[in-house]
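**Q** Quick one: the structure is below, questions incoming.
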Amino acid sequence: MPTAYRGRFAPTPSGPLHAGSLLTAVASYLDARHHDGEWLVRVEDIDLPRCPSGAADTILRQLEAFGLEWDTDTPDMTRDVRYQSHRNDAYATALEQLKANCAVYPCDCSRKQWRGFSLYPGWCRTRSTPPCGAHAWRLDIRAAEQWGGNAAVAGWEDRLQGHVQLDLATLGDVVLKRRDSLWAYQLAVVVDDADQGITDVVRGLDLLDNSPWQRLLQAALGLPMPSLTHLPLITADNGQKLSKQNLAPALPEAPDAIRQRLHHTLKLLGQHPPNELVDASPAEQLAHAIPRWSLAAVGKATALSASAPS
């Protein structure tokens, strides 16, 4: 059974961690440890063609170098880490349940066919049987009416952002299984969070819009809805979000640089670590930060400059 608090960090191994992903990892780690909870690491390698060989191991080494030690929920996982690429059967079972609940439909429309629309227009919603050729499975947002409507599944109290209310109609019918038979992020993350007993999700603000889809899936599958916390994003000097797509530099490897980067990350999170800790080991810096962790100190800002705070 999970503890009262169980958090997680779930990177996609499309490349090494950068300053933005470190901020999320540190915040989720500190929040879990401050609440005497568990902190898991899950490798979200569901899209294997985008995951270079060795990238997952690199990420795990980076986390270890920064002193971020994780727990395990089952004893037989590789390095105590769950890999989504090993979870096909669990996702297939969930999709069958969604079919039974009339919450999904098959779709063989290509993006080219609906490129004139901002969202997929739902042309395949009335299909009763899958087409013979390649097809995706989409979540039917109209299914929200079965579980209290838009307000129930697309509104929540975010621990940092306050009350959030989004409209599923502005998000559209998201793909859960792709035409190439790969599972999509939205279904995988919901199934895995429930299976691992995740109670609290701390992640970047760029994932805020995913929450209504995930909450609808949780309702349709009869799964608990974790508490949500969405953190500000780190931006480069040009205002762009730090990301692998924008070629954000990987985290440093030299011990001195690691200590300085961690100290800087704690500052970005508004935790005000003492200056004398800048040369302390990651373990010492984290041990100092855990009892003093304050989510309120992070603030509601949507973006944080990568430049060093004063």
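Every number here is computed from the coordinates shown, using simple stated rules; none is lab data. Only a predicted model underlies this, so the values are computations on that prediction, with no experimental measurement involved. When we count neighbours, we look across all protein chains shown, and the Cβ atoms used for this are built from the backbone with ideal geometry, even at glycine.
**Q** Could you count how many Lys pairs in the chain have their Cα atoms under 26 Å apart, skipping same-chain pairs fewer than 8 positions apart?
**A** Numbers: LYS99/LYS177; LYS112/LYS177; LYS177/LYS244; LYS241/LYS267; LYS241/LYS300; LYS244/LYS267; LYS244/LYS300; LYS267/LYS300.
Count of close lysine pairs: 8.
**Q** Between GLU276 and ARG111, 0.36 nm times their residue separation minus their Cα-Cα distance comes to what?
**A** Computed gain between GLU276 and ARG111 is 54.0 nm.
**Q** Still on this structure, please answer the following. Apply the a/c threshold of 1.5 to the C-alpha gyration tensor of region 1-105 and tell me whether it is rounded, prolate or oblate. If you can, show how the numbers build up before the last one.
**A** Values: a/c = 1.99, a/b = 1.35, b/c = 1.47.
Verdict is oblate for region 1-105.
**Q** On to the next question. Cysteines of the chain lacking any other cysteine beta carbon under 4.7 Å?
**A** CYS51, CYS102, CYS109, CYS132
**Q** Between ASP158 and GLN97, with labels modelled 7 Å along Cα→Cβ, what's the label distance in nm to one decimal, could you check?
**A** Inter-label distance under the simple model: 2.7 nm.
**Q** Between region 175-223 and region 122-153, how far is it from one alpha carbon centroid to the other, in angstrom?
**A** For region 175-223 versus region 122-153, the Cα centre distance is 16 Å.
**Q** Once the Cα atoms of helix 19-34 and of the chain are each reduced to a long axis, what angle between those two axes, in degrees from 0 to 90 to the nearest 10, is obtained?
**A** Helix 19-34 sits at roughly 80 degrees to that axis.
**Q** Now, a different point. Pulled fully out, how much extra length does the chain show between VAL81 and ALA134, if you take 0.36 nm times their separation in residues and subtract their Cα-Cα distance? Write out the running numbers ahead of the final one.
**A** Values: separation 53, 0.36 × 53 = 19.08 nm, distance 3.25 nm.
Fully extending the segment from VAL81 to ALA134 adds 15.8 nm.
**Q** Here's something else I'd like to know. Tell me which label goes with the value of P(r) over Cα pairs in 20 Å bins from 0, in percent computed from the coordinates here: (i) 29, 48, 21, 2; (ii) 31, 57, 12, 0; (iii) 28, 53, 18, 1.
**A** The listed entry that was calculated here is (ii).
**Q** Shape call for region 99-186 from the C-alpha gyration tensor, a ≥ b ≥ c root eigenvalues: rounded (a/c under 1.5), prolate (a/b greater than b/c) or oblate?
**A** Numbers: a/c = 2.08, a/b = 1.77, b/c = 1.18.
Since a/c reaches 1.5 and a/b is larger than b/c, the shape of region 99-186 is classed as prolate.
**Q** About the Cα centre of the chain, what is the dipole size in debye to 20, counting +1 per Lys and Arg Cβ and -1 per Asp and Glu Cβ, all else neutral? Let's see the in-between values first.
**A** On the way: 30 positive and 35 negative charges, 225 e Å.
That gives the chain a dipole magnitude of about 1080 debye.
**Q** Quick check: pseudo-label points 7 Å beyond the Cα along Cα→Cβ at ASN88 and ARG127, how many nm apart are they?
**A** The answer from the label model is 2.1 nm.
**Q** Roughly how many nanometres apart are two label points built 7 Å out from the Cα toward the Cβ at ALA296 and LEU48?
**A** Modelled inter-label distance: 4.8 nm.
**Q** List every residue whose amide H lies under 5 Å from the amide H of ILE234, counting only residues 5 or more places away in sequence or on a different chain, with H placed 1.01 Å from N in the peptide plane.
**A** LEU242, LEU304
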